[in-house]
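Participant: Okay, here's the structure, questions in a sec.
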Amino acid sequence: MKLTFKDKRVAVIGMGISNLPLIEYLLKEGALVTGRDRKELSAMGENVLALQEKGVKLICGEDYLKNIDEEYIFRTPGMRYDTPELAEAVAKGSVLTSEMELFFERCPAKMIAVTGSDGKTTTTTLISKMIEKKFGKVYVGGNIGAPLLPFVDEMTEDDWAVLELSSFQLHTMKRSPHRAVITNLSPNHLDYHTDMQEYVDAKKNIFLHMTEDESNKLILNYANEPTRALAYEAVAGTSVIFFGYEGMVYEKDGAIWCGDEKVVDTDDILIPGHHNVENYMAAIAAVYDIVGKDIIVDLAKTFGGVEHRIELVRVKDGVRYYNSSIDSSPSRTAAALASFDEKVIAICGGKDKGVPFDGLAVTLCKGAKKVVLTGATRETIYNAVMNCPEYKDSGLEVAVEPDFESAVKKASELASEGDVVILSPGCTSFDAFPNFMARGNKFKEIVRSL
């Protein structure tokens, strides 16, 4: 029997835009909702304040987590489940859950979910576009797009929902999708997770709760050892498919193959970079049996990429400007720079999330001819570059500009005809922007005003 929240006291932690549809959903079901947020009430937007007229109680400010005694608690994804105040409430009988966990419980559609350290947004987008081309409709959400919970009542068993899921969302997940994709695993979000193992364990929830059903699939990156090793933990009955492994889904002779069948020439893939060939392999492994070859070839020739991911912004005076603000880890910056045949002018820096910058320094010494460092990590990255063994013979020029706009303008001044300037920060945006989208949009605004 479906759990109902009618007349249940429910706390929603975090009054950000993603939780507002959750609150509306709970109200429609008759829940007694209390919204809790660290911000002061005076700092709340009109859409949050308007909830008070619908009966939502707001507890805001420094003590927003005090005296949590609601029967159900929906945590915001960025808050750990073992936050002392939440743990205390659970010990007293409260049930801790999340918007995504409720969606998994209620969703009648067939679900494909994607996680990983890099490439998950592009892979999710590719899968969703393939499904949409085949069936004319698809629901896309999770860590991208609009919250899907408000749409569960209109979904049917014949529909498809494609989800991008972060380690934050998966951390306490007790259900898994019908098909799961893990693009790769590398150190990430170590400012949130206690260590790398906890990060990996969170990711594993994307498949650990699958039912024993032959139609279930787990898609793993054979070339990435930590991801490849997860095959041994697949639920009995689940089909494990490796991409990057000959005989399954792999690249050979300038094409992507599925088994013995050639699917698409890599030259037909419009979005640049070998990492996007890998993203296509992951997507093909997930849905080839559903959508077929023609849809994949058509998409490869027409899909120009996801916003903020090596997105061509402008060509000015022969200089190409790319926005890759999504590159919030050193490994993403490495993949972005490897997409170009020539050395680039890179803009790097942002908020430190506990990941070493030694690898980023090597990436810049090998793949950039000039770099402009900005944001909170500028000095840390600068020191990593100066201490990098490859720096001495690299010819890399390094400039430091604390202000983001000044950094973009400095990169433009350093560029000549034929150059590539790319925003590929290697760090999160939270030192100066609310998210990577805002950072990317600011970059595009500055570049278009040059």
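The values are calculated or read from the model by the stated rules, or taken from the named source; none is laboratory data. Computed from a predicted model, the values in this text were never measured in an experiment. Note that we place each Cβ from the backbone using ideal geometry, even for glycine, and neighbour counts take in every protein chain shown. Only protein heavy atoms, including side chains, enter the accessible area calculation; ligands, DNA and RNA are left aside. Shrake-Rupley method; radii C 1.70, N 1.55, O 1.52, S 1.80 Å.
Participant: From the phi angles alone, apply the Karplus equation (6.51, -1.76, 1.60; θ = phi - 60°) to the stretch 256-271 and give each ³J(HN,Hα) in whole Hz, x where the residue is Gly or Pro.
Facilitator: Once rounded to whole Hz, the list reads 9, 10, 10, x, 9, 9, 6, 9, 7, 6, 5, 5, 7, 6, 6, 7.
Participant: Now for a different question. About the Cα centre of the chain, how large is the charge dipole given +1 on each Lys and Arg Cβ and -1 on each Asp and Glu Cβ? Please answer in debye to the nearest 20. Before the final figure, lay out each step's value.
Facilitator: Numbers: 51 positive and 67 negative charges, 118 e Å.
Dipole about the Cα centre, nearest 20: 560 debye.
Participant: If you count only protein heavy atoms and use a 1.4 Å probe, how large is the accessible surface of Tyr382, to the nearest 10 Å²?
Facilitator: For Tyr382, the solvent-accessible surface is approximately 70 Å².
Participant: Could I ask something else about it? Counting only Cα atoms, I'd like the Rg/Rh figure for the stretch 273-342, Kirkwood definition for Rh.
Facilitator: 1.04
Participant: A further question follows. Counting Lys +1, Arg +1, Asp -1, Glu -1, what net charge surrounds Arg9 among other residues with beta carbon under 9 Å of its beta carbon? Walk me through the numbers on the way to the answer.
Facilitator: On the way: positive: Lys8; negative: Asp7, Asp69, Glu70, Glu71.
Here the charged neighbours net out to -3.
Participant: With Cα Rg over 2.2 N^0.38 Å as the read-out, I listed (1) 1.09; (2) 0.98; (3) 1.02; which label goes with the value calculated from this structure?
Facilitator: For Cα Rg over 2.2 N^0.38 Å, the calculated option is (3).
Participant: Which whole-number value in Å² is the accessible area per residue of the chain, probe 1.4 Å?
Facilitator: 43 Å²
Participant: So, one more: Rounded to a whole number, what is D in µm²/s for the stretch 49-151 from Stokes-Einstein with the Kirkwood radius over alpha-carbon pairs (10 °C, 1.306 mPa s)?
Facilitator: On the way: Rh = 16.6 Å.
Estimated via Stokes-Einstein, D reaches 96 µm²/s.
Participant: Taking 7 Å along the Cα-to-C-beta vector as the label spot, tell me the Arg314-Asp341 distance in nanometres, rounded to one decimal.
Facilitator: Taking the two extended label points, one gets 2.6 nm.
Participant: Working from the alpha-carbon coordinates of the stretch 312-416, get Rg over Rh, Rh being the Kirkwood radius. Mind dumping the intermediate values first?
Facilitator: Working: Rg = 12.7 Å, Rh = 13.7 Å.
Here the Rg-to-Rh quotient is 0.93.
Participant: Enter the accessible area of Glu251 (Å², nearest 10), with the probe set to 1.4 Å and all protein chains included.
Facilitator: 80 Å²
Participant: With Rg and the Kirkwood Rh both taken from Cα atoms, where does Rg over Rh land for the stretch 82-204?
Facilitator: Numbers: Rg = 15.4 Å, Rh = 15.4 Å.
My calculation puts Rg/Rh at 1.00.
Participant: Same structure, new question: Over 20 Å between Cα atoms, which of Lys366/Lys442; Lys133/Lys203; Lys66/Lys92 qualify?
Facilitator: Details: Lys366/Lys442 27 Å; Lys133/Lys203 29 Å; Lys66/Lys92 14 Å.
Result: Lys366/Lys442; Lys133/Lys203 exceed 20 Å.
Participant: Taking the simple approach of a point 7 Å from Cα along Cα-to-Cβ for both Asp7 and Ala229, what is their distance in nm?
Facilitator: Each label point is offset 7 Å from its Cα along the Cβ direction, giving 5.2 nm.
Participant: To the nearest Å, what is the center-to-center distance of the stretch 121-187 and the stretch 1-49, using C-alpha atoms only?
Facilitator: 23 Å
Participant: Probe radius 1.4 Å, ligands and nucleic acids ignored: give me the carbon and sulfur share of the accessible area of the chain as a rounded percent. Spell out each step's value before the answer.
Facilitator: Values: 9390 of 19570 Å².
Using a 1.4 Å probe with all protein chains present, the chain comes out at 48 percent carbon and sulfur.
Participant: Further question on the same structure: Quick one: what are the phi-derived ³J(HN,Hα) couplings along the stretch 139-153, Karplus 6.51/-1.76/1.60 with θ = phi - 60°, whole Hz, x for glycine and proline?
Facilitator: 9, 10, x, x, 8, 10, x, 7, x, 8, 3, x, 9, 4, 6
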